[in-house]
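What follows is a set of notes on a single structure, which appears directly below.
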Number of protein chains: 2
Amino acid sequence: MTIYDIAKKCNVSIATVSRVLNGSDRVSEKTRAKVLAAIKEQDYAPNPFARGLGLDSMKMVGVLCSDVADAFYAKAVSLIEHALQKHNFDVMLSCTGESNGKDIKALRYLMQKHVDAVIIIGTPFAVQGNAAALKKIAEQIPLVAINNNYKLPGTYSIICDEQAGMRNAVYALSNTGCRSILYLYDALTYSGRHKLNGYKQGVLELGLDTQPALTQKTPRTFEAVAAMIHRLLKQKVPFDAILASEDILAVAAQRIARRNNHGVPVIGCNNSIIAECATPTLTSLDNRLDRLCETAIKTIIQLMQSEAPALPSKTVFDANLIERESFQTHKQ
Amino acid sequence: MTIYDIAKKCNVSIATVSRVLNGSDRVSEKTRAKVLAAIKEQDYAPNPFARGLGLDSMKMVGVLCSDVADAFYAKAVSLIEHALQKHNFDVMLSCTGESNGKDIKALRYLMQKHVDAVIIIGTPFAVQGNAAALKKIAEQIPLVAINNNYKLPGTYSIICDEQAGMRNAVYALSNTGCRSILYLYDALTYSGRHKLNGYKQGVLELGLDTQPALTQKTPRTFEAVAAMIHRLLKQKVPFDAILASEDILAVAAQRIARRNNHGVPVIGCNNSIIAECATPTLTSLDNRLDRLCETAIKTIIQLMQSEAPALPSKTVFDANLIERESFQTHKQ
DNA sequence: TTGTATGCGTTATCAA
DNA sequence: TTGATAACGCATACAA
């Protein structure tokens with residue numbers, strides 16, 4: 001079934017069919033009705049490739065992240081897909097894996113597929129060394145980053161101020177009387193660096209314990225976290241609170257600490273479903289993923305309109321500390 | 001940059017460029033090298049729409065589920081995307097939401113986009129009433145279902161025998177001395193029905209307590225589960241074990257029960273990250289998502305080859321009970 | 001081994 | 001208000 005078939009059935013030209021297909025008003029009501037009827041009857045839909053070839057667009061946006069299996073990215077992709085659907089855009093999902101060597105290739109690949117825009121969630125590849133490539137891409141299609149700041153002309157970054165959020169978390173812990181806050185993280189991505197900085201800033205401002213052993217890098221597995229906590233306890237590193245860059249690290253550390261009779265206030269980050277599954281339920285820094293995604297879509301859509309307004313190259317939302325049992329129990 | 005530009009630069013015809021592009025061996029080494037050099041120098045990549053128009057394929061497979069934010073679907077999508085990437089297929093993600101009214105429309109939409117194949121994860125829409133449409137689609141492109149059984153000619157279903165798995169879980173609980181197993185579920189999807197059947201089967205076979213109050217439907221929220229458990233305890237419904245169709249329900253129920261001094265063995269299902277986050281860690285029925293996805297991809301790929309071999313319309317994997325603390329503590 | 005010519009199904013321009 | 005026709009960029013059958 002092609003536009004020719006419909007045209008033939010209606011005794012009109014393909015131009016006319018195309019016009020009703022695209023909602024032109026330069027068609028008489030009578031012909032429109034006739035064509036519409038035929039389209040419906042034949043269950044006809046225009047060939048997207050031919051359409052794409054002519055318009056250089058298939059109304060598709062590329063969504064890039066390191067791994068959708070991660071709860072944070074999954075939530076982001078879900079929000080994005082849902083929002084884009086409303087605007088009649090499809091999403092082409094591309095996961096880079098933990099940036100081994102695929103790197104920016106995935107983005108380049110997306111470009112070759114002529115997507116209409118790209119949303120990059122998190123830090124799927126290093127920006128430095130790829131700045132030129134990114135800039136060139138941004139000149140061709142809208143490029144928006146969630147939880148990363150590319151600082152490149154033509155790129156739009158939607159971020160949560162996790163640094164301030166983590167600093168506030170340190171203050172909150174300090175208010176419960178803690179002096180030695182153990183900080184756990186797994187990777188120094190853009191987000192990871194800022195969280196760590198927030199922790200350091202808070203600790204410094206409040207004159208808390210700054211010994212290096214209180215800042216620990218660990219893989220995101222229960223075993224690794226358990227081994228690390230055991231080691232710290234054995235070495236008598238005197239932590240009286242735990243702050244982590246990821247809920248999962250916080251949950252793991254909380255359990256091990258408590259099982260060793262070392263119950264302390266704990267705060268995680270991402271406010272994922274995991275936080276609610278822990279016992280005690282985990283206080284967590286909400287990085288407003290919903291707002292970030294909502295803004296990203298709004299930005300993308302506006303940029304894709306012919307007369308795009310000037311948009312902020314950087315949009316920042318505040319993080320929000322969601323207090324749950326892991327924290328409240330220890331409040332005075 | 002088009003194939004014409006490359007041809008001109010190399011003083012050859014577009015046919016020759018096309019040939020080296022598609023790895024034909026009917027090109028002299030000298031020309032091939034020349035063309036390849038030009039392609040690289042110009043960073044040229046064929047226009048996917050033009051290619052798609054000619055071949056009626058953009059090497060893209062549609063992946064359909066109700067919501068990627070769900071840990072189970074997220075994991076599945078991740079596995080699928082990863083595997084498809086290796087075969088140079090892209091994934092177009094489409095989420096239906098909790099089948100309100102969008103229904104099978106998403107699948108139809110995918111077809112209009114001329115995807116090369118479709119993978120349906122779980123139960124994004126009702127099969128009954130859509131059998132004809134599904135059959136027609138399956139005649140056109142490979143259609144494989146994960147954790148659903150369409151029983152339609154041309155469709156391929158990859159399933160985990162969760163019914164037997166749940167039955168075994170009941171046996172395992174019974175072995176710890178339980179007689180009244182509380183069963184929690186949230187929806188009677190294909191998977192949901194079979195899990196429930198497995199529970200019923202086990203209970204029946206073992207002559208365990210069958211009172212209706214032991215089978216509870218509840219939304220997937222902590223509040224709802226808490227309210228339900230409280231109600232059961234108040235009504236003195238005498239459950240001495242909990243089995244749930246989803247890890248999240250199990251985790252929620254386990255916590256409330258324990259807080260009311262009603263610690264019982266608990267088993268969830270999906271063996272998601274959530275199971276490890278609970279305290280005590282949750283015993284869970286692993287439905288072998290990795291195997292399911294691996295098989296789905298293998299099937300899809302084979303079906304898309306010109307000479308597709310005969311493949312089983314239904315492939316079944318056994319579920320696997322992963323024992324953790326929520327169960328072992330109660331073992332004799 | 002290489003080139004020519006046609007088809008793929010649209011959209012859009014121009015003329016009627 | 002309509003129709004004829006030229007792009008769009010590639011693959012491929014056929015000719016050389």
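The values are calculated or read from the model by the stated rules, or taken from the named source; none is laboratory data. These figures come from a predicted structure and were not determined experimentally. Cβ placement follows ideal geometry from the backbone for every residue including glycine, while neighbour counts extend to all protein chains displayed.
Key figures
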item	result
Entirely in the range A:1-58, the helices (runs of 4 or more DSSP H) that have 3 or more residues that are away from DNA strand C (no atom under 11 Å from the Cβ)	A:3-10, A:29-42
Residue list for the range B:45-71, filter: within 10 Å of DNA strand D (Cβ to nearest atom) and among the acidic types (Asp, Glu)	none
Residue match in the range A:117-139 (condition: under 28 Å from B:Cys95 (Cβ atoms) and either surrounded by fewer than 16 Cβ atoms within 10 Å (Cβ to Cβ) or of a type in the set (D, E, K, R) (or both))	no
Flag for A:Asn88 being in contact with a Gly (Cβ under 6 Å, 6 or more places away or on another chain) and at positive phi	no
Count of residues meeting criterion [more than 8 Å from chain B (Cβ to nearest Cβ) and modelled with pLDDT of 95 or more] in the range A:86-98	5
Flag if B:Gly101 is surrounded by fewer than 21 Cβ atoms within 10 Å (Cβ to Cβ), within 30 Å of B:Asp247 (Cβ to Cβ), away from DNA strand D (no atom under 11 Å from the Cβ) and over 20 Å from the mean Cα position of the chain (by Cα)	yes
Verdict on A:Ile229 being more than 25 Å from the chain's Cα centre (by Cα) and surrounded by 17 or more Cβ atoms within 10 Å (Cβ to Cβ)	yes
Residue within the range A:163-178 that is among the β-branched types (Val, Ile, Thr) and surrounded by fewer than 17 Cβ atoms within 10 Å (Cβ to Cβ) present	yes
Count of residues meeting criterion [assigned to a loop (DSSP other than H, G, I, E, B) and without any contact (Cβ under 8 Å) to a residue 12 or more places away in the chain] in the range A:224-238	1
Any chance B:Glu307 is modelled with pLDDT under 95 and of a type in the set (D, E, K, R)	yes
Set A:Leu243, A:Leu188: member being under 22 Å from A:Asp286 (Cβ atoms), assigned to a loop (DSSP other than H, G, I, E, B), modelled with pLDDT of 95 or more and in contact with a Leu (Cβ under 8 Å, 6 or more places away or on another chain)	A:Leu188
Any hit, the range A:184-202, residues being over 30 Å from A:Ser313 (Cα atoms) and in contact with a Phe, Trp or Tyr (Cβ under 8 Å, 6 or more places away or on another chain)	no
